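Asker: Sending over a structure as structure tokens; questions will come in a sec.
The values are calculated or read from the model by the stated rules, or taken from the named source; none is laboratory data. The model shown is predicted, which means the values in this text are computed figures rather than measured ones. Every residue, glycine as well, gets a Cβ built from its backbone with ideal geometry; the counts of neighbours run over all protein chains shown.
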Amino acid sequence: MKKIFAIVTLATVLASCGNREKEDALAKQQAIVAVKDSLKLDSFRRAEVENEKRKVEERHQAELAAARRSANASYSGGGTRTTSSAGTTTTTTTTKKKGWSDAAKGTAIGAGVGALGGVLIDKKDGRGAIIGGLAGAGAGYAIGRAEDRKSGRVQKKN
């Protein structure tokens, strides 16, 4: 009886040790799979964060480009411009500048000053006023047009 009891005890101990190794190996595999899944999930989260940052940067660049275009656009008429990027829509309204352009002001002032100078220099029946007015108007227009280009009211020709 002692021999049978010893054999059963030995078989039970060996059987329990063998299952323990299998269970440990299975637990290790499950832990490795869980770590890999969490790393994948973490990398997906990082990728999503990077993607969001890139989208925000693209939107920012699109807004800057739209602002540059509207600053460089001719203000001859009012209108609405709509741009779309990355699923978002931005609407920019350009307003018509009111009043005289710098070119028109320069032309009028130049013509007046030129005519006055022409009358003072050449006192012959308005001939000096006409010549001086034309010369002053041309110079005033050129100066005013340059100011319009600087302010963005008109665009430079390519």
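Results for (1) among the acidic types (Asp, Glu); (2) over 30 Å from residue 70 (Cβ atoms); (3) in contact (Cβ under 8 Å) with a residue 12 or more places away in the chain; (4) surrounded by 15 or more Cβ atoms within 10 Å (Cβ to Cβ), shown as yes or no for each residue.
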site	(1), (2), (3), (4)
112	no, yes, yes, yes
115	no, yes, yes, yes
121	no, yes, no, no
127	no, yes, no, no
130	no, yes, yes, yes
133	no, yes, yes, yes
139	no, yes, yes, yes
142	no, no, yes, no
155	no, no, yes, no
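Asker: May I ask you to say which residue of 115, 142, 137 is under 36 Å from the mean Cα position of the chain (by Cα), of a type in the set (A, V, I, L, M, F, W, C) and either at pLDDT 90 or above or assigned by TED's automatic domain parsing to the domain that holds residue 68 (or both)? It would help to see each step written out before you state the result.
Answerer: Working: 115 fails: under 36 Å from the mean Cα position of the chain (by Cα); 137 fails: under 36 Å from the mean Cα position of the chain (by Cα).
Just one listed residue meets the conditions, 142.
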